[in-house]
Amino acid sequence: SCVVYGQDQIIARYGLVIDEVRKDYEIKRGGSVTGSFNARHDFQDPNFTITLYLRTNDFESDGVTGNPKFLDKNRTKAKSTLEDWIEVDPKEITLSKLGETKTINYTIIVPADAEPGSYYASILLSDVKDPPKDFDANQVGLMSSLGMLIFVTVPGNVRTNLEAASLRALDYNL
């Protein structure tokens, strides 16, 4: 399907529409916030039924375009991250007719010991319940997902360490 990015919603012309693409929050340590967004059936076949499974996933910028690069859910983490702080309800939805809309509710609970800084995650709607953890060389997989990006800032003193490995001056004759 063709995905068109709008200012307030993502539209998959023959597929799914979500009415929020990004939410920004500032949440203090030990604090929480609730929110919701809607998913709407917009498939070409008005009677097409799809079940979507909801999950959270951390991301970072790809470093070039600013597009999200989703992180491996099975990576080793020293502490919990935003994907762990988000509770989604319901965990799955079924859309069975053109125009049908379902509301997805979420709560973000920031742990009292969270480090100050910025955290990034997405609530993903996917047609696959349990994405495979690994593929071997002889397998091919295809999974579609659509998501809302969540940006959380935990206020506080952020320590940054910058060290100059080398410094050199260039001689320009002007």
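Nothing in this text is a laboratory measurement; each read-out follows from the coordinates by a stated rule. None of these values were measured; they are calculated from a predicted model. In this analysis, Cβ positions are derived from the backbone assuming ideal geometry, glycine residues included, and neighbour counts consider all displayed protein chains.
Brief remarks on what is shown
- Across the stretch 118-126, computed HN-Hα scalar couplings (Karplus, 6.51 cos²θ - 1.76 cosθ + 1.60, θ = phi - 60°) run 10, 10, 9, 8, 9, 9, 9, 9, 9 Hz from first to last residue, x flagging Gly and Pro.
- Calculated from backbone phi, Karplus (6.51, -1.76, 1.60) coupling profile of the stretch 151-159 in Hz, x at Gly/Pro: 10, 10, 10, 9, x, x, 7, 9, 8
- The stretch 19-148 - Kirkwood radius from inverse mean 1/r over Cα pairs (Å): 16.4
- Per-residue extension of 0.36 nm, minus the Cα-Cα distance of Asp113 and Asp72, leaves a gain of 12.4 nm for this segment.
- Per residue, the Cα convex hull of the stretch 73-121 amounts to 112 Å³.
- Qualifying trypsin sites (Lys or Arg not before Pro) in the stretch 50-123, where qualification requires a DSSP coil assignment and no more than 12 other C-beta atoms within 10 Å, comprise Arg75, Lys77, Lys79, Lys91, Lys97.
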